[in-house]
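Take a look at the structure set out below.
The values are calculated or read from the model by the stated rules, or taken from the named source; none is laboratory data. Everything quoted here is computed from the prediction, not taken from an experiment. In this analysis, Cβ positions are derived from the backbone assuming ideal geometry, glycine residues included, and neighbour counts consider all displayed protein chains.
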Amino acid sequence: MSSQNRTGGIVGLCVVLAALSAVCVGCADRPARSRQAGEPEISAIDISAPFSDKNIYTVCEGDTLYSIARDVYGQTERWQLLFYANRDLIDTPEDLAPGMKIYVPSKDTTLTYEHTVAEGDTLSKLALKFYSDRSKAGIIADYNNLKDPDYITPGQRLTIPILR
């Protein structure tokens with residue numbers, strides 16, 4: 001590796017570390033739960049976000065999807081909206097980490113999640129996975145205009161509406 005490549009890599013690493021330090025310092029300096037209901041935290045550091053600043057929330061120590069949903073939407077039940085809006089960042093709700101920047105959809109947003117049917121999937125299993133309630137399988141069937149809700153095939157793409 002050339003000296004120039006090493007220097008560029010070190011400079012890039014320093015820039016990333018400086019940005020992470022600024023995020024951590026920002027969380028440490030603000031009091032816990034000082035946000036106004038309905039107003040997500042805004043980060044001046046994240047210039048790469050494809051959304052407006054009002055839709056970006058910087059996660060602080062102790063935040064959970066439930067607490068963020070309560071603070072932003074006034075309803076803890078809307079944690080799933082946050083979860084599925086950020087599936088590219090987190091695989092489970094427990095993956096939320098201080099300093100992470102997440103997308104916070106507006107209160108009137110209807111989100112959907114695209115799911116590719118796997119071997120063994122049924123609508124009731126998907127309803128259990130996405131809604132924690134097998135009896136809501138009809139919501140998925142209706143949303144996807146399935147003529148026979150008992151018949152889905154591996155590889156089929158379903159749109160799962162995220163409930164409010």
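Could you list all residues from region 115-152 that are of a type in the set (Phe, Trp, Tyr) and over 21 Å from the mean Cα position of the chain (by Cα)? Before you say what the answer is, go through the steps one by one.
Taking region 115-152 first, the residues of a type in the set (Phe, Trp, Tyr) are 130-131, 143, 151.
Tyr143, Tyr151, listed by residue number.
Examine region 22-42 for a residue that is assigned to a helix (DSSP H, G or I) and at pLDDT 50 or above, and state whether such a residue exists.
Within region 22-42, the first condition is being assigned to a helix (DSSP H, G or I), and the residues that meet it are 22-29.
Then drop every residue that is not at pLDDT 50 or above, which leaves none.
No: region 22-42 contains no residue that is assigned to a helix (DSSP H, G or I) and at pLDDT 50 or above.
Between Ala85, Ala137, the distinction of being of a type in the set (A, V, I, L, M, F, W, C), surrounded by 15 or more Cβ atoms within 10 Å (Cβ to Cβ) and modelled with pLDDT under 90 belongs to Ala85 only.
Surrounded by 14 or more Cβ atoms within 10 Å (Cβ to Cβ), modelled with pLDDT of 90 or more and either in the same structural domain as Tyr131 (by TED's automatic domain parsing) or among the acidic types (Asp, Glu) (or both): is that true of Asp46 in this structure? Judged against the criteria, Asp46 is not a match.
Of the residues making up region 128-152, those that are of a type in the set (D, E, K, R) and assigned to a helix (DSSP H, G or I) are Lys129, Arg134, Lys136, Asp142. When Glu119, Glu114 are checked against the criterion of being farther than 22 Å from Thr58 by Cα and in a loop (DSSP other than H, G, I, E, B), Glu119 stands alone in meeting it. Screening Ile90 against (1) closer than 19 Å to Tyr151 by Cα; (2) among the β-branched types (Val, Ile, Thr); (3) assigned to a loop (DSSP other than H, G, I, E, B) leaves a single unmet condition, (1).
Within region 61-87, being within 11 Å of the chain's Cα centre (by Cα) and part of a loop (DSSP other than H, G, I, E, B) holds for Asn86, Arg87.
Can you confirm whether Thr116 is of a type in the set (Ser, Thr, Tyr), under 17 Å from Asn55 (Cβ atoms) and surrounded by fewer than 17 Cβ atoms within 10 Å (Cβ to Cβ)? Steps first, answer last, please.
Working: of a type in the set (Ser, Thr, Tyr): yes; under 17 Å from Asn55 (Cβ atoms): no; surrounded by fewer than 17 Cβ atoms within 10 Å (Cβ to Cβ): yes.
No; evaluated as a whole, the condition is false for this residue.
Take the conditions touching a helix residue (DSSP H, G or I) at 6+ places or on another chain (Cβ under 6 Å) and not in a loop (DSSP other than H, G, I, E, B) and apply them to Ile102. Does it pass?
Numbers: touching a helix residue (DSSP H, G or I) at 6+ places or on another chain (Cβ under 6 Å): no; not in a loop (DSSP other than H, G, I, E, B): yes.
Considered against the rule, which asks whether it is touching a helix residue (DSSP H, G or I) at 6+ places or on another chain (Cβ under 6 Å) and not in a loop (DSSP other than H, G, I, E, B), Ile102 comes out as no.
Just to verify a result, which residue in region 153-164, among those that are part of a strand (DSSP E or B) and among the hydrophobic types (A, V, I, L, M, F, W, C), is nearest to the chain's Cα centre (by Cα)? Going through the qualifying residues, I end up with Ile160.
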